[in-house]
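Participant: Sharing a structure with you now.
The values are calculated or read from the model by the stated rules, or taken from the named source; none is laboratory data. Everything numeric in this text was worked out from a predicted model, so none of it was measured. Here Cβ is always computed from backbone atoms with ideal geometry, including for glycine, and neighbour counts include all displayed protein chains.
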Amino acid sequence: MKSEQQYIELFQQCRQLLSSQSDVVLDALRDEAFRIFKRIGLPDKKAERYKYTDVQEAFSPNYGLNLNRLQFRINPYDVFKCNVPNMSTLLYFIVNDAFHSKEYPNAKPSGGIIISSLNEAAHLYPDLVSKYYGQIVRKAETPSINSEGGQIIDGEFVPLRKNNEPDAITALNTMLVQDGLFIYVPKNTVSDKAIQVVNVLTSTVDLLVNRRVLVVLEEGAKAKLLFCDESMSDVNMLATQVMEVYAGPSSELELYELEETNMKNKRFSNLYVQQHDKSKVTLNSISLHNGLTRNMTYVSLEGEESVINLYGGVIADKEQHVDNHTLVDHKVPKCVSNELFKYVLDDNSVGAFAGRILVRNDAQKTESQETNANLCVTKTAHMFTQPMLEIYADDVKCNHGATVGQLNEAALFYMRQRGISLDEAKLLLKFAFVGEVIDKVDLEPLRDRLHYLVEKRFRGELNKCSGCRLC
Amino acid sequence: MENLKQEKNKLVREVADRKYEYGFITDVHTDIIEKGLNEDVIRLISARKGEPEWLLDFRLKAYSYWLTQKMPTWPHLQIPEIDYQAISYYADPTAKKKDGPQEIDPELMKTFDKLGIPLEERLALSGTAVDAVMDSVSVKTTFKESLREKGIIFCSISEAVREHPDLVKQYLGSVVPYRDNFFAALNSAVFSDGSFVYVPKGVRCPMELSTYFRINARNTGQFERTLIVADDDSYVSYLEGCTAPMRDENQLHAAIVEIVVNERAEVKYSTVQNWYPGDSEGKGGVYNFVTKRGHLRGADSKLSWTQVETGSAITWKYPSCVLSGNNSQAEFYSVAVTNNYQQADTGTKMIHIGENTKSTIISKGISAGKSHNSYRGLVKIDARADGARNYSSCDSLLLSDTCGAHTFPYIDVKNDTGIVEHEATTSKISEDQLFYCNQRGIPAEEAVGLIVNGYAKDVLNKLPMEFAVEAQKLLSVSLEGSVG
Amino acid sequence: MLEIKNLHASINGKEILKGINLTINDGEIHALMGQNGAGKSTLSNVLVGHPAYEVTQGSITFNGKDLLALKPEERSHEGIFMSFQAPVEIPGVSMVNFMRAAVNAKRKYLGKEPLTAGEFLKIMREKRKIVELDSKLSNRSVNEGFSGGEKKRNEIFQMAMLEPTFAILDETDSGLDVDALRIVADGFNKLKTEKTSALVITHYQRLLDYIKPDFVHVLLDGNIVKTGGPELALEIEDRGFDWIKAERAVKNEE
């Protein structure tokens, strides 16, 4: 099966149309991305990076694309009820890949913060957008010689491992993308309210959506972002998302992602984070409900004394599939990375976690901690885990641990002795298990909401998305 | 106990200044066949060994499969291209010159003496029987007769093919089929000698069995094959040691070890691998690409792998266990040391199929110089393996800022009653410990040897005594020059 | 209230209890003494229905009900409480959520409405005082990071919350210093009503200075071999268990 062929043909046929519908900044990178995509194609399961998710199969059906930018007649504010209570946010919507232009009355960012359509921003601030758009990815995909293992063979340095191969999904997204979101927080500016972006997926026909997000925090800027994926229709949706995050020196970013879609949804998300001196970034993704999800996170620590916290919680059942692939690239000294991923797998669900910590030659005094813990609740659930340490510097402290197991029998009995039924005791232990990830959420209302959603999810009261009434 | 410790420390100090001490070449008439690999060569090897038709068939099938395969590129290793036509696949140092004397060349006996492996039984290490293999041929097997009295078969695999064809036919390739991987196919096509062990029902083997592998001839590859069968309720402890001369060119060693463990039987397999690692510039050394696997077929069976890997330019192997029998238990203890330009990608696979199966993995990686040392391991819990448990602990110690230490565990769990725990740490050798040793007058290099030995203790303790001492010496020697 | 008849029980196929007979009436406190391995903890685990133990013979009735037919949580609702010898730590489950789940499960069993959050927290505050349990502890996860003494105090606090009619104190004194022992024992005594009965398992007389038993039993090799009043505990404190073994050996010979 060679699923890439249809996308190659589509691109060749629609090249003009894509140009006519998008700004020149977005258009400028298409041809290069196309060359890469044509060369590498979509990965099969032999590709180490994609061994746990069948990309070929996911991309083989014939999806429609909204290349002509038809407006979906929907007002998300009317249908979306899934506000996080008690949290005053700047609320925005992206319908499929299009930024919803109608502003929520309260959503007025302050202090020069830009939150807008990516395509529009490219038009209004071409210099600003082109400085970052595609550049975070480019840097991530450029090999750096001599800072990692390898050998000089015939006078040429051959790295041991290709850390920087271009990614096919990112290339596809760059080829076809037409819009998405741009968030810009200027120097030393603090966004006082959290910025909430709801990605609404809706269509009447099977649809491929390519969404692009660019987040730039200049030096000393601070922001909290919450992305919620919601599905509002019952057709097959395939969404690719490439998010580029630039965290300038001493900036602070908290980025939360909550997925609440349905079984017919396939999500391929590639998140590239570039951190500079003393920046602090916390990423926390919770997969509550989905079809097939593949999240790739690449964090490049470019500046000393940066901190990255990378957390994820997954609850899956039925035939759901969640694959988190992370790479934290310690390029410079004195950075800290903490990683915690927890999965609860029920029914026939499949979970995968591959977490690579790469400590390059120059990255002395690195501290890194990685934990992956998983609960398989049924015999037919399947967990793959691969916590990897790749270390080329000697003055480091790195630990990782992974467990797959069940609920603690002694704890279950203790609870039953106190009169709590076996089922209830199991639920309490499951909340507690996932709760560790949710407790890492700094925004208190969001934390409470997540605890509530997780509890509902485990009680089977959360069949599809909790907020919308459409499905 | 204290004495023993002092004795060990003395040994460590003694060897601190020594280099690879097994790098000499034995001057002995060796019958080497022409370089190159094709069907005729395989027929020739088979004919030299006087093999039956079925074995030739097995070799040819493996060869034609090998031709369809490419060498995999997934390991964390930089392997220069290997020219399989530039290798001679059979070298027999025991071959008699037509006009020469007909007994074993005394040079051969001397070689093994020099390696500390006397082949005369009266001089032997107490309680150890040895099968000595040089290049492609078994030179001598000691204590064969006294073991035979207990029904234990311990001989070279060539002899086993002649004397016990049914046993060999039943088990050969049953644990590692020739289609298993690229090097398994190559070995199955061209394997020369190796050891065969059969321990009958209910017999506890009274002595350690050991095979000593020596590469001597130039431009040859060693492709030995070991097959160990422990029948119901039996016990055997098996040791393997290896060395090679210092040569500037690389030599390929692609072996297969198959172990069958039947009901309630127990097998311990210990390796001290000290193939020539190449010089400090990375020139020469052995490529050690080995497939080792045990099949715990019977209920309540046990298999334990212990390996100390200090040699070889490139080590690429995963001694593994397939736990089919209910309640079977498997262990893997490993110390892998890399220095200079050495590379290692080693670990294990624990495949849990039977109920209540249990496995333990303890791996200690030590990297120095410009070397790369990777642990790679798979723990798989099958849907049938109710109540399976695994505990893995993989630690890496870094002795320089130019080396690499990597951990690639793969965990696949398909069972809701299984418990798998994996933990790993990577850290630098402790400055405090080093300084403490220095203050007590122990020079840096020796201190590193001591600390590393302490770090590897959990694994070294699993080795039989004589081997443990040997292994400790090796650890220190291997790290020589690693302190800047 | 509790009647144990010819109870045989085993774990992993090994018989530990070999025909226990014991009757405990309302308001009585029974102490059970014996050396390690005599079967003391097996008896307490069987009473609360630990799944690892198998009852092979005999019966237990509790207030007229067949106890062995009830699930562990039902036994709890019926009024049986065990203070565990080594209370398990349950990370991530807060004491508040845990206790609320327990209290409301019992109320549901008894056909009562669940407590509101406010009512529940009020009760929790009151009961905490009984064992001088710091409010910080009740905000933490169940037993997580508690010292040995805090864990035992927490057990008695839970007893206060659940108001059992029959309490099993399984070596509650182990690992406690004198002050902690007094607090725990005082807590228990405050909670004890005329109706409450208890089985106190201990190695030492010390605990019995604070919790006065009506009867003292000695368990040896899966059987109750001697029963007496409080003075028996003092005698054991003085002379150990060997004389009882010897006495029994003589009896067996006869």
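Participant: Pick from the stretch C:146-187 the residues that are among the aliphatic types (A, V, I, L, M) and over 21 Å from C:SER44 (Cα atoms): which of them is surrounded by the fewest Cβ atoms within 10 Å (Cβ to Cβ)?
Facilitator: Only one residue fits best here, namely C:VAL178.
Participant: Condition check: at pLDDT 90 or above and assigned to a loop (DSSP other than H, G, I, E, B). Does B:GLY325 satisfy that?
Facilitator: Criteria met by B:GLY325.
Participant: Can A:PRO109 be described as more than 30 Å from A:HIS382 (Cα to Cα), modelled with pLDDT under 85 and not basic (Lys, Arg)?
Facilitator: Yes: the conditions hold for A:PRO109.
Residues are listed down the side, and each one gets a yes or a no for (1) at pLDDT below 85; (2) touching a Pro at 6+ places or on another chain (Cβ under 8 Å); (3) surrounded by fewer than 24 Cβ atoms within 10 Å (Cβ to Cβ):
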site	(1), (2), (3)
B:GLU249	yes, no, yes
B:ARG264	no, no, yes
B:VAL267	no, no, no
B:SER280	yes, no, yes
B:PHE289	no, no, no
B:LEU303	no, no, no
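Participant: State which residue pairs qualify: first residue over 12 Å from B:GLN251 (Cα atoms) and charged (D, E, K, R) and inside the stretch B:80-104, second residue at pLDDT 75 or above and assigned to a loop (DSSP other than H, G, I, E, B) in any location, beta carbons under 9 Å apart, and separation of 6 or more residues or different chains.
Facilitator: If the second residue must be at pLDDT 75 or above and assigned to a loop (DSSP other than H, G, I, E, B), the pairs left are B:GLU81/B:MET71; B:ASP92/B:ILE33; B:ASP92/B:SER192.
Participant: Which of the residues spanning the stretch C:31-44 are within 11 Å of the chain's Cα centre (by Cα) and either in a loop (DSSP other than H, G, I, E, B) or closer than 17 Å to C:SER174 by Cα (or both)?
Facilitator: Matches in the stretch C:31-44: C:ALA31, C:LEU32, C:LYS40, C:SER41, C:SER44.
Participant: Going through B:THR310, B:THR315, B:THR271, B:THR243 one at a time, which residue ends up being in contact with a helix residue (DSSP H, G or I) (Cβ under 8 Å, 6 or more places away or on another chain), more than 20 Å from B:TYR171 (Cα to Cα) and at pLDDT below 95?
Facilitator: Residue meeting the stated conditions: B:THR310.
Participant: While we're on this one: Within the stretch B:470-484, track down each residue that is within 17 Å of B:VAL272 (Cα to Cα) and either modelled with pLDDT of 75 or more or of a type outside the set (Val, Ile, Thr) (or both).
Facilitator: The answer is B:GLU470, B:ALA471, B:GLN472, B:LYS473, B:LEU474, B:LEU475, B:SER476, B:SER478, B:LEU479.
Participant: I've got another one for you. Quick check on my filter: what residues within the stretch A:379-412 are facing chain B (nearest Cβ under 7 Å), under 27 Å from the mean Cα position of the chain (by Cα) and not in a strand (DSSP E or B)?
Facilitator: The one that is facing chain B (nearest Cβ under 7 Å), under 27 Å from the mean Cα position of the chain (by Cα) and not in a strand (DSSP E or B): A:ALA381.
Participant: Another question, then. Across the stretch C:52-78, what is the total count of residues that are facing chain A (nearest Cβ under 10 Å) and surrounded by 17 or more Cβ atoms within 10 Å (Cβ to Cβ)?
Facilitator: Total meeting the criteria: 7.
Participant: In the stretch C:101-124, which residues are charged (D, E, K, R) and at the interface with chain A (Cβ under 10 Å from one of its Cβ atoms)?
Facilitator: Within the stretch C:101-124, C:LYS106, C:ARG107, C:LYS108 meet the criteria.
Participant: Filter the stretch A:417-426 down to the residues that are crowded, with 18+ Cβ neighbours inside 10 Å and touching a Lys or Arg at 6+ places or on another chain (Cβ under 7 Å), then identify the one that is farthest from A:LEU453 (Cα to Cα).
Facilitator: Applying the filter and picking the extreme gives A:GLY419.
Participant: Within the stretch A:427-464, take every residue that is closer than 30 Å to C:ASN45 by Cα and surrounded by 18 or more Cβ atoms within 10 Å (Cβ to Cβ) and give me the one that is nearest to the other protein chains (Cβ to nearest Cβ).
Facilitator: My answer is A:ALA432.
Participant: Take the stretch B:196-230 and flag every residue that is touching a Cys at 6+ places or on another chain (Cβ under 9 Å) and of a type in the set (D, E, K, R).
Facilitator: Of everything in the stretch B:196-230, just one residue is touching a Cys at 6+ places or on another chain (Cβ under 9 Å) and of a type in the set (D, E, K, R), namely B:ARG214.
Participant: Do you know which of the residues in the stretch A:228-250 that are in contact (Cβ under 8 Å) with a residue 60 or more places away in the chain and outside any strand (DSSP E or B) is nearest to A:LEU42 (Cα to Cα)?
Facilitator: So the residue we want is A:ASN236.
Participant: How many residues, within the stretch B:387-396, are surrounded by fewer than 24 Cβ atoms within 10 Å (Cβ to Cβ) and of a type outside the set (Asp, Glu)?
Facilitator: The total comes to 4.
Participant: Moving to a separate point now. What tally of residues in the stretch A:317-369 results from selecting those that are without any contact (Cβ under 8 Å) to a residue 60 or more places away in the chain, within 21 Å of A:ASP167 (Cβ to Cβ) and basic (Lys, Arg)?
Facilitator: Of the residues in the stretch A:317-369, 1 are without any contact (Cβ under 8 Å) to a residue 60 or more places away in the chain, within 21 Å of A:ASP167 (Cβ to Cβ) and basic (Lys, Arg).
Participant: May I pose another question? Have a look at B:LYS358, B:LYS317 and point out the one that is farther than 30 Å from B:GLY202 by Cα, touching a Phe, Trp or Tyr at 6+ places or on another chain (Cβ under 9 Å) and free of Cβ contacts under 8 Å to residues at least 60 places away in the same chain.
Facilitator: None of the other options fit; the residue is B:LYS317.
Participant: Only one of (1) within 9 Å of another protein chain (Cβ to nearest Cβ); (2) basic (Lys, Arg); (3) part of a strand (DSSP E or B) fails for B:ARG376. Which number is that?
Facilitator: B:ARG376 satisfies all of (1) within 9 Å of another protein chain (Cβ to nearest Cβ); (2) basic (Lys, Arg); (3) part of a strand (DSSP E or B) except (1).
Participant: Only residues that are part of a loop (DSSP other than H, G, I, E, B), at pLDDT 90 or above and under 29 Å from B:GLN78 (Cβ atoms): list them for the stretch B:341-370, please.
Facilitator: Correct list: B:GLN342 only.
Here is a yes/no grid of residues against (1) away from chain B (no Cβ under 14 Å); (2) assigned to a loop (DSSP other than H, G, I, E, B); (3) closer than 18 Å to A:ASN210 by Cα:
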position	(1), (2), (3)
A:TYR7	yes, no, yes
A:GLN12	yes, no, yes
A:SER20	yes, no, yes
A:LEU26	yes, no, yes
A:ASP31	yes, no, yes
A:ARG39	yes, no, no
A:LYS46	no, yes, no
A:TYR52	no, yes, no
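Participant: Does any residue in the stretch A:128-152 that is over 27 Å from A:GLY112 (Cα atoms) come within less than 6 Å, Cβ to Cβ, of a residue that is among the aromatic types (Phe, Trp, Tyr) and modelled with pLDDT of 90 or more six or more places away or on a different chain, and which pairs are these?
Facilitator: Sorted first by the residue in the stretch A:128-152, then by its partner, the pairs are A:ALA140/A:TYR272; A:ALA140/A:TYR298.
Participant: Given the criteria among the hydrophobic types (A, V, I, L, M, F, W, C), closer than 13 Å to A:CYS335 by Cα and in a strand (DSSP E or B), does A:ILE308 qualify?
Facilitator: Yes: the conditions hold for A:ILE308.
Participant: Are any residues in the stretch A:321-334 of a type outside the set (A, V, I, L, M), farther than 17 Å from A:TYR272 by Cα and under 17 Å from the mean Cα position of the chain (by Cα), and if so, which ones?
Facilitator: A:HIS321
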